[in-house]
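The values are calculated or read from the model by the stated rules, or taken from the named source; none is laboratory data. Bear in mind the structure is a predicted one, so any value in this text is a computation, not a measurement. Every residue, glycine among them, receives a Cβ derived from its backbone with ideal geometry; neighbour counts consider all protein chains shown. Ligands, DNA and RNA are excluded from the accessible area calculation, which covers all protein heavy atoms including side chains. Shrake-Rupley method; radii C 1.70, N 1.55, O 1.52, S 1.80 Å.
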Amino acid sequence: MTIASNDSPHRIIKTAPCGKICTPDEPELTYEISQHIESNAFFIRITDNTSGGFFSNQWIPIEDIIGCIEEYGPGLPFKALIFKPLYESTGANNHGFLAAALRSEGLLLPYEKGIYSHTQGDVVNFRKAQIELAKVELAKVEPANAAMAKPKAKSKAVSKKKAPKTKAKPKATPKAKPKAVSKAKPKATPKKESSIYCQDTA
């Protein structure tokens, strides 16, 4: 028997109302069908009851339910008590409420000679329906997960980039002050003596 704890990850693929076995036209119960994220197995549980009666919201593996049903041949009646061993708690309403949800899904059929008796429904089509529901739900989830993953990948890429190294600016070398050039005074040139002689005229 497959055991599933309530805190295991489940992807809800269907939520629907249904009536009880004694009042099928009054939608007093609500049930959920899920696919386990790790094992891909399908589960069902009761989540709400608007009228009197306590119940367990434990996830029940659908393949375990089908195993119980297939112990009886097609057309052979059985009561919901066959599902009682699937529950950890011993509540009086668990198996009856589960049978009501299974009738709503077509996995159980009402037996004409007894209101609380059931016969085997269409197991093959029920399995196919769950697979299709899971595909539709997964198609909704995958784009959302991809959108959430993109910013994370972007931030990682940014964090890996090293900060560009800043080049140190070369220190400015102080310009040498030009030396003052002392202007040499021009040397005085000696005056030449005149070579003209004054002659006495006769």
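Descriptive notes on the structure:
- Rounded accessible area per residue of region 1-138, 1.4 Å, Å²: 52
- Protection proxy ranking, highest mean first, for peptides 100-109, 134-143: 100-109, 134-143, where packing is the per-residue count of other beta-carbon atoms within 10 Å, averaged.
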